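These notes are about the structure you will find just below.
The values are calculated or read from the model by the stated rules, or taken from the named source; none is laboratory data. Everything numeric in this text was worked out from a predicted model, so none of it was measured. Using ideal geometry, Cβ is built from the backbone for each residue, glycine included, and neighbour counts are taken over all protein chains shown. All accessible areas refer to the heavy atoms of the entire protein, side chains included, with ligands and DNA or RNA removed. Shrake-Rupley method; radii C 1.70, N 1.55, O 1.52, S 1.80 Å.
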Amino acid sequence: MSGRGFSVPPGRAGRLWLDRRLTVARRAADLLDRKLRLLQADLARREEAAALAAAEWERDRLDAERWLLRASLLGGQRAIRLGNDGQYADIEVRYAITMGVRHPDSASCVVPQAAGWDGPALAAARRAHQAALAAAVRHAAAAEALTLIRAEALATRHRLHALKDRWIPGLEQAMAEVTLAIEEQELADAARLRLAAPVREAGQ
């Protein structure tokens, strides 16, 4: 016989086949349910961390813009260009694994010391931009981790719903049909035996 998307062997072999798959499906649903609860708890923590990182980045970005404007007003665009020494920041992202998902766990940013001399306003602008860059790196790491964990939670929820709403009910329906067919066959066999008993007794 056929269930929802699977072929079931007839008779008691089919009931055993279905019983095994129901056991596996229910165990998988329990594991997915536990995983989803853990992911949702982790999501709440990461949403808060990402929100804090975003606020820090926004604050430091605005501060850097203000200091850049001050340095421009005091020293002009030429001073800003001369303050660019061509060095690059070193960004390090460390990864972790949560419920099978690899994601950024933390990030840091190291900026080389300025090679030349800066005036007070330009030095303050440089420090403000370094702080903004470090905040942007932390925000990007937190946001990416949140995106990955959220996607895994959504995929887990879909898999759990597929098991609970379609796969397990399909197996249970097929189990009921197989059990009913076995019971009907047993009743038919018993009826044939009762009908055959007088015939055997008469022939003795």
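State which residue pairs qualify: first residue under 15 Å from Asp165 (Cα atoms) and inside region 16-39, second residue among the charged types (D, E, K, R) and open to solvent by 60 Å² or more (accessible area, probe 1.4 Å) in any location, beta carbons under 8 Å apart, and separation of 6 or more residues or different chains.
Leu22/Glu172; Ala29/Lys164; Leu32/Arg159
Output the residue which, of all residues in region 1-18 that are under 12 Å from Ala176 (Cβ atoms) and under 33 Å from the mean Cα position of the chain (by Cα), is modelled with the highest pLDDT.
Taking the candidates together, the pick is Leu18.
If only one of Ala71, Ala41, Ala64 is buried (at least 19 other Cβ atoms within 10 Å of the Cβ), more than 15 Å from Ala142 (Cβ to Cβ) and modelled with pLDDT of 90 or more, which one is it?
Working: Ala71 fails: modelled with pLDDT of 90 or more; Ala41 fails: buried (at least 19 other Cβ atoms within 10 Å of the Cβ).
None of the other options fit; the residue is Ala64.
Out of the residues in region 139-169 that are more than 30 Å from Asp60 (Cα to Cα) and buried (at least 18 other Cβ atoms within 10 Å of the Cβ), state the one that is farthest from the chain's Cα centre (by Cα).
Step one: filter region 139-169 for residues more than 30 Å from Asp60 (Cα to Cα), giving 152-169.
Those still in the list that are buried (at least 18 other Cβ atoms within 10 Å of the Cβ) too: 152-153, 156, 160, 163, 167.
Numbers: Glu152: 1, Ala153: 4, Thr156: 7, Leu160: 13, Leu163: 17, Trp167: 22 Å.
Among those residues, the one meeting the criterion is Trp167.
Given the structure, is Ala188 without any contact (Cβ under 8 Å) to a residue 12 or more places away in the chain, over 30 Å from Arg46 (Cβ atoms) and open to solvent by less than 90 Å² (accessible area, probe 1.4 Å)?
Yes, satisfied.
Residue-wise test of (1) in contact with an Asp or Glu (Cβ under 8 Å, 6 or more places away or on another chain); (2) part of a strand (DSSP E or B); (3) modelled with pLDDT of 90 or more.
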{"position": "Arg102", "(1), (2), (3)": "no, yes, yes"}
{"position": "Leu133", "(1), (2), (3)": "no, no, yes"}
{"position": "Leu146", "(1), (2), (3)": "yes, no, yes"}
{"position": "Arg150", "(1), (2), (3)": "no, no, yes"}
{"position": "His158", "(1), (2), (3)": "no, no, yes"}
{"position": "Leu163", "(1), (2), (3)": "no, no, yes"}
{"position": "Ala191", "(1), (2), (3)": "no, no, no"}
{"position": "Pro198", "(1), (2), (3)": "no, no, no"}
{"position": "Glu201", "(1), (2), (3)": "no, no, no"}
